[in-house]
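**Q** The structure's right below; bear with me while I get my questions together.
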Amino acid sequence: MSKALAGEKVSGFASRLLDRLPGREYAQEQIERVERRVLTQLKQRLDQLESRAGQSVSVSVLAVQQNQFASSGSADLIHESPARLLMNLLEMSNQQDRARAQQGFFALVLGSLLPDEARVLAAMADGTPHPVLDLMVGSKIGLATQPALELISSVGRDAGVQLNELTPVYLRRLMNWGLVERQIQEASDLRTKYEILETDSALRATIARYTAAGMRTRIVRSQIRGTAIAQTLWDSAQLSEMPTF
């Protein structure tokens, strides 16, 4: 199977995951509401710019922003201001309960994920721990160290991602969303997986480079797993079809 076709299948899975989420319609309605307001205001600004005879108009975000600032006394500006946007969000918060707030959050999260990240989420949503390594480096004089490589894990390969080298980036993004958490302690039942992971060619090459430069290196073992939020999201999606890893 070509990478393009595989990517389309994974993208389709991520789309189905989002489609099955309860409350997606509500979240989409709120997003479209904001989009319509922004597009309406943008069109009004562009119409005003085009009506100015003899002026050269550059249709760019910067030009629109500058024109908005110049006409800040107009009644339309209030609809585009941070104050108005914040007020809209506060009004929406008065119309939702806990379930809708959670569903809106899940829809936002899933809409932001890449197909590869959806596969990692699928592999970790049940809370099963996965090994992760950090490479710390420091001078031979002194105790301070700093990370040279972080979040090296086999979970991307296990999940069948297309860009395994971006697994640390995927994990960091999932951690930022609260879907993945790290536990600093080493998992004894993952010893074999740690040892296999430590043979990674990129890791060994980085260690060799710092060692040749007279630096000391240390590999730190820890574990990552899906959070309770990830489990709740997965249960809410109620998928009947799982991707093949």
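What follows is calculated from the coordinates using simple rules that are stated; it is not laboratory data. Predicted model only: the values in this text are computed from it and were never measured. Don't worry about glycine lacking a Cβ; one is built from the backbone with ideal geometry, like all the others, and counts go over all protein chains shown.
**Q** Need one number: convex hull volume per residue for region 107-186, Cα atoms only, in Å³.
**A** 104
**Q** Let me ask you something else. Give me the distance in nm between label points sitting 7 Å out from Cα along the Cα-to-Cβ direction at Thr211 and Ala101, one decimal.
**A** 5.3
**Q** Ok, one more. Using Cβ counts within 10 Å as a stand-in for footprinting exposure, how do Lys193, Lys140 rank, fewest first?
**A** Working: Lys193 18, Lys140 7.
Exposure proxy ranking, most exposed first: Lys140, Lys193.
**Q** In µm²/s, what is D for region 116-236 at 10 °C and 1.306 mPa s, where D = kT/(6 pi eta Rh) by Stokes-Einstein and Rh is the Kirkwood radius from Cα pairs? Intermediate results must be reported in sequence, preceding the final value.
**A** Values: Rh = 15.0 Å.
Once the numbers are plugged in, D ends up at 106 µm²/s.
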